[in-house]
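The values are calculated or read from the model by the stated rules, or taken from the named source; none is laboratory data. None of the values given here were measured: they were computed from a predicted structure. Ideal geometry is used to build each Cβ from the backbone, glycine not excepted, and the neighbour counts take in all protein chains shown.
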Amino acid sequence: MASDRIEVPAKISSRHPAAAPVADGQTPWAIKGELILNCNCTVFCPCVISLGKHAPTEGYCQAWAGVRIDSGYYGDEDLSGLNVGLVLEIPGLMARGNWKAAAYIDERASHAAYEALINIFSGKAKGTTGLFKVLVSEFLGAERAPVEFTTEGNARRLMVGKKIQGEVVPVPGAGGKDIVVTNSEYWMGPDITVATATLGRVRAFGRVWDFDGRSAEICQIDWKGPR
């Protein structure tokens, strides 16, 4: 799942415009990698096509997600090789907000990288994930944890101790090829691989969820900010 590596700026300065703070004081950032998500919807989650205007199949959404950062930076801080786990809870239509969210940050992250990832995944850093700042009404918290994102064959696994234990696999289409929703306007990315969970357990922040056999998504991400 390797992707083109983003050049990580060695120093913030006017000589490196990609890393220089923009006029409003926001820090430039970018991450490339892969995201997996498993929710309580039956296969397939309607939010991808409706862009959150159609209710989840159960009327509400509970989900966990994992992000593998193949390459990335926040200002002059290298984020490459780090992983993030997320817990999301949405009471109804995704686009109506009132989300609850929590994050598990790779324990290997430096203090600066930890703070950077909190800024990105809380929406504070603006850009692609800026919608979190608008849609999330309660940030349950963030913790350092051993966040493992691994790939074996076509299976992707996210393990955050006993708090999130997940594995997703693509749903096979004609000829055994993956079913992919392409050219969408979904915020995560335009191409979403339809998947299902072979394991989807959350024991975190008072939540006890089991989403084995439920809807899942696989997406190559290319996110950036602050604009």
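Every condition in (1) within 18 Å of Phe205 (Cβ to Cβ); (2) modelled with pLDDT under 95 is met by Ala103 except one, and the failing one is (2).
To keep it simple, each residue is scored yes or no on (1) modelled with pLDDT of 95 or more; (2) of a type in the set (Ser, Thr, Tyr); (3) closer than 30 Å to Arg227 by Cα.
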| site | (1), (2), (3) |
| --- | --- |
| Ser110 | yes, yes, yes |
| Glu115 | yes, no, yes |
| Ser122 | no, yes, yes |
| Phe139 | no, no, yes |
| Ala145 | yes, no, yes |
| Phe149 | yes, no, yes |
| Arg156 | yes, no, no |
| Met159 | yes, no, no |
| Glu167 | yes, no, no |
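Taking the stretch 92-122 as the range and being under 23 Å from Ala55 (Cα atoms) and of a type in the set (Gly, Ala, Ser) as the test, the residues that pass are Gly92, Ala95, Gly97, Ala101, Ala102. If we keep just the residues of the stretch 177-193 that are part of a loop (DSSP other than H, G, I, E, B) and β-branched (Val, Ile, Thr), which is surrounded by the most Cβ atoms within 10 Å (Cβ to Cβ)? Per the stated criteria, the residue is Ile179. Among the residues in the stretch 50-59, are any charged (D, E, K, R) and either at pLDDT below 95 or within 19 Å of Leu135 (Cα to Cα) (or both)? Scanning the stretch 50-59 turns up at least one residue that is charged (D, E, K, R) and either at pLDDT below 95 or within 19 Å of Leu135 (Cα to Cα) (or both). The C-beta contact set for the stretch 171-184 (first residue free of Cβ contacts under 8 Å to residues at least 40 places away in the same chain, second residue charged (D, E, K, R) and part of a loop (DSSP other than H, G, I, E, B), distance under 8 angstrom, 6+ apart or interchain) comprises Val180/Asp191; Thr182/Asp191; Asn183/Asp191.
Inside the stretch 81-92, residues that are over 21 Å from Gln165 (Cβ atoms) and either buried (at least 18 other Cβ atoms within 10 Å of the Cβ) or at pLDDT below 95 (or both) make up a count of 3. Screening Ala109 with (1) touching a residue at least 24 places away in the same chain (Cβ under 8 Å); (2) touching a Pro at 6+ places or on another chain (Cβ under 7 Å); (3) of a type outside the set (Phe, Trp, Tyr) gives one miss only, at (2). For the stretch 34-89, filtering for residues that are free of Cβ contacts under 8 Å to residues at least 12 places away in the same chain and assigned to a loop (DSSP other than H, G, I, E, B) leaves 1. If only residues of the stretch 113-159 that are under 13 Å from the mean Cα position of the chain (by Cα) and among the small types (Gly, Ala, Ser) are counted, the one that is nearest to Asp212 (Cα to Cα) is Ser122. Applying the criterion of being of a type in the set (Phe, Trp, Tyr) and part of a strand (DSSP E or B) to the residues of the stretch 194-227, the residue that is nearest to the chain's Cα centre (by Cα) is Trp223. In the stretch 9-49, the residue that is surrounded by the most Cβ atoms within 10 Å (Cβ to Cβ) out of those that are among the basic types (Lys, Arg) and either closer than 26 Å to Asn83 by Cα or modelled with pLDDT of 50 or more (or both) is Lys32.
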